[in-house]
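Since the structure comes first, as structure tokens, the remarks are kept for the end.
Coordinate-derived values only; no laboratory data. The structure presented is a predicted model; accordingly, all values stated were derived computationally and were not measured. Cβ placement follows ideal geometry from the backbone for every residue including glycine, while neighbour counts extend to all protein chains displayed.
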Amino acid sequence: MIAGYFTHHAQALLGSLGRLCRAPFATALTLLVIGLALALPLALALFVSNAMAATGGFTGAVDVSVYFKPDTALSRVQQLARDTRARAGVATVQVISSADALAEFRQYSGFGAALDALGSNPLPNVLHVRPAPDASGAADLDALRHYLAAWPEVDTVQVDAEWVLRFNAILGLLRRVLGIAAVLLGAGVLAVIGNTIRLEIQGRRPEIEVVRLVGGSTGFVRRPFLYAGMLYGLGGALLAWGLVVLAVLVLRTPVATLAQLYGSRYALSGPGVREVAVVLGAGVALGWLGAWAAAARHLRRIEPRA
Amino acid sequence: MILFERVSKRYRNGREALRSATFSIDRGEMVFLTGRSGAGKSTVLKLIALLERPTRGNAVVNGHNLATLRSRHLPAYRRTLGVVFQEHRLLDDRPVFDNVALPLVVSGVSPPEMDKRVRAALDQVGLLGKERLLPSELSVGEQQRVGIARAVVGKPAVLIADEPTGNLDPGLALEVMRLFKRFADVGVTVIVATHDLHVVHEFSQRTIVLADGQVQGGAEAPLPSMTAVR
């Protein structure tokens with residue numbers, strides 16, 4: 001019984017595959033439309049993930065610099081650093097003493113002689129506070145800034161996050177656009193597969209009538225069309241994957257060259273396992289759904305004639 | 001066993017194709033349905049095959065009430081029937097073997113069993129050895145016999161045939177009818193709708209004569225004259 005069930009499915013799958021192969025031009029056109037529709041959201045998703053990778057992500061780029069008044073003792077700064085570390089939402093706190101800052105400045109600035117001419121160290125003690133990844137939003141940063149600025153020893157609190165927040169907003173917008181594109185193009189894939197299956201049902205009407213007459217259940221009649229839909233979806237998704245990989249290969253060298261000009265070793269990355277799994281899964285699911293909708297609507301109208 | 005009690009069928013266009021028809025057919029019996037075009041022969045077969053439901057009356061086939069049988073049980077019911085058409089209704093892109101095997105595929109019969117039964121059915125209709133040919137490579141008579149093999153391969157309890165000899169010459173028509181008689185002899189109930197009275201007269205089987213949707217002279221009607229149904 002179970003063997004018969006799997007045999008049925010295998011026959012339906014192979015039969016559907018055979019029918020697609022016997023009409024290579026029509027199948028290729030359908031796959032191309034589906035592939036392009038799936039390639040666009042995949043490419044957009046890849047663009048977002050590459051943009052995040054190129055900028056090192058959002059979280060590592062947010063820094064809060066706390067500049068203390070000139071007469072603040074280093075021990076007091078270290079005490080405040082310990083308090084800050086104990087606060088929720090803070091990843092790291094680094095103390096940069098005025099002496100360390102001066103030594104570093106002397107080493108890298110080339111103004112050593114000028115500094116020697118100064119009677120005292122003009123640089124303040126500084127804390128570099130890095131928020132935790134999940135506490136890097138605008139509201140979290142504002143709360144942290146208020147907390148740090150409330151200390152009487154603090155002269156200035158500088159939040160180096162505005163560009164990150166803007167970048168964050170752009171990526172958020174892109175993600176939203178990606179979502180809309182995925183929904184619209186997914187609906188397009190549904191329509192394409194549904195229409196293809198509708199035409200196939202019409203073309204096989206005599207066969208469907210005979211199968212129904214000899215006792216074929218609705219599930220039996222519908223099965224090859226569902227497999228055809230899934231094969232269209234899977235084929236389209238594989239094509240989309242191939243197109244995007246091709247685009248990445250074409251763009252990899254110019255992007256690397258551009259990155260080198262900015263002193264970066266960044267290399268464009270193609271779709272990962274997760275992205276590929278999502279696009280293949282989406283292709284198969286959309287294919288099944290489109291075929292099911294078409295079969296449910298059109299097979300109902302086909303009854304055998306005497 | 002087939003029982004029609006005061007069965008009527010009115011189509012959506014208002015035409016009443018069958019009017020209070022009453023007859024019964026025993027298991028293993030071969031019966032001819034005759035009558036002019038539009039007399040209701042095809043409607044009786046459509047009701048038995050459940051391509052249509054009766055409007056009124058009680059129609060029972062092998063214990064299944066045709067008026068109340070649920071749609072989800074329809075496929076299983078149809079697997080107990082064999083249907084032969086005048087125009088064969090073969091799948092032109094499939095070889096003879098696949099055409100005949102279709103009812104077995106639908107029923108989930110295993111490939112070895114399927115192979116055995118298809119060959120047996122083709123042997124019964126004299127087409128063993130032609131299983132790899134396409135229907136278009138066969139003569140009209142052979143195509144009709146493929147249709148018959150497809151109808152009987154599932155070992156149906158009831159075999160219905162709608163004008164099965166309409167496209168055949170007299171010799172082939174008699175050959176097909178002899179096939180049907182052989183199936184009836186092994187317990188299959190056979191109902192043949194035909195207006196070919198030469199065939200009807202050749203076989204001494206019971207004949208149900210329909211006229212204007214009604215059974216003429218009861219279910220035990222005498223054979224119609226050669227001119228009565230032309």
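What the table shows:
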item	result
Two-decimal Rg/Rh across region A:72-225, once Rg and the Kirkwood Rh are taken from alpha-carbon atoms	1.49
Amide H contacts of residue B:57 (H built 1.01 Å from N, under 5 Å, at least 5 apart or other chain)	B:8
Theoretical ellipticity at 222 nm over chain B - DSSP helices of four or more residues, -39500 (n - 2.57) apiece, nearest 500	-9500 deg cm²/dmol
Cα point-scatterer Debye curve for region A:65-114, base-10 log of I(q)/I(0) at q = 0.13, 0.15, 0.21, 0.23 Å⁻¹	-0.41, -0.52, -0.81, -0.89
Helix-only mean residue ellipticity at 222 nm for chain A, each DSSP H run of n ≥ 4 adding -39500 (n - 2.57), per residue, nearest 500	-24500 deg cm²/dmol
R0 of 30 Å, Cβ-Cβ distance residue A:177-residue A:156: FRET efficiency to nearest 0.05	0.20
Trypsin sites (Lys or Arg not before Pro) lying in DSSP loop within region B:106-196, provided at most 14 other Cβ fall within 10 Å	B:132
Separation of the residue A:54 and residue B:140 label points, Cα + 7 Å toward Cβ, nm	7.4 nm
5 angstrom amide H check on residue B:18, placed H, neighbours 5+ away	B:9
Per-residue mean of C-beta atoms belonging to partner chains within 10 Å, peptide B:103-111	5
Candidates A:153, A:104, A:209, ranked by Gaussian network fluctuation over chain A, Cα under 10 Å, top entry	A:104
Cα gyration tensor, region B:31-142 - rounded (a/c under 1.5), prolate or oblate	oblate
Exposure rule at most 16 other beta-carbon atoms within 10 Å, DSSP loop trypsin sites (Lys or Arg not before Pro): chain A longest free segment	A:88-264
Amide proton proximity set for residue B:33, modelled H, under 5 Å, gap of 5+	B:192, B:193, B:194, B:208
Surface/4 estimate of mean projected area, convex hull on alpha-carbon atoms of chain B, nm²	12.3 nm²
Vicinal HN-Hα couplings computed from phi for region B:107-115 (Karplus, 6.51 cos²θ - 1.76 cosθ + 1.60; Hz; Gly/Pro x)	7, x, 6, 5, x, x, 5, 4, 4
Most mobile listed residue (A:37, A:114, A:282) in chain A, GNM with C-alpha springs under 10 Å	A:114
For B:203, B:32, order by how many other beta-carbon atoms lie within 10 Å, fewest first	B:203, B:32
Under 25 Å, Cα to Cα: Lys pairs in chain B, sequence gap 8 or more or different chains	12
For region B:44-50, 3J(HN,Hα) per residue [Karplus equation, 6.51 cos²θ - 1.76 cosθ + 1.60, θ = phi - 60°, Hz, x = Gly/Pro]	4, 5, 4, 5, 5, 7, 6
Gain in span if fully extended, residue A:116 to residue A:9, counting 0.36 nm per residue against the direct Cα distance	29.9 nm
Viscosity 0.890 mPa s, 25 °C: Kirkwood-radius Stokes-Einstein D of region B:91-155 over Cα pairs, µm²/s	217 µm²/s
Kirkwood Rh, angstrom, region A:63-160 [1 / mean 1/r, Cα pairs]	14.3 Å
Dipole moment magnitude, nearest 20 debye, region B:91-155 about Cα centre, only Lys, Arg, Asp, Glu C-beta charged	220 debye
Average projection area in nm² (convex hull over Cα atoms of region A:1-153, one quarter of hull surface)	19.1 nm²
Whole-Hz ³J(HN,Hα) from phi, Karplus 6.51 cos²θ - 1.76 cosθ + 1.60, for region A:289-302, glycine and proline x	5, x, 5, 5, 4, 5, 5, 4, 7, 9, 5, 4, 7, 9
Rule-of-thumb Rg ratio for the protein assembly as shown [Cα; 2.2 N^0.38 Å; N residues]	1.68
Chain A: most fluctuating residue of A:287, A:137, A:235 per GNM, C-alpha cutoff 10 Å	A:137
Projected-area mean, chain A, by convex hull of Cα positions, square nanometres	24.0 nm²
Other protein chain Cβ atoms within 10 Å, averaged over every residue that makes up A:215-222	5
Radius, Kirkwood style, for region B:113-214 when every pair of distinct Cα atoms is counted (Å)	14.5 Å
Estimated FRET transfer efficiency when R0 is 51 angstrom, pair residue A:104-residue A:187 (beta carbons, to 0.05)	0.30
Under 14 Å from the Cα of residue A:69 - aspartates and glutamates, other chains or at least 8 residues apart	A:153, A:155
Inter-centroid distance (Cα atoms) of region A:252-306 relative to region B:1-65, Å	54 Å
Positive minus negative residues near residue B:166 (Lys, Arg vs Asp, Glu; Cβ under 9 Å)	-4
Backbone N within region B:7-28 under 19 Å of label point (7 Å from residue B:80 Cα along the Cβ vector)	B:23-28
Test item: A:191-199 mean partner chain Cβ contacts at 10 Å	0
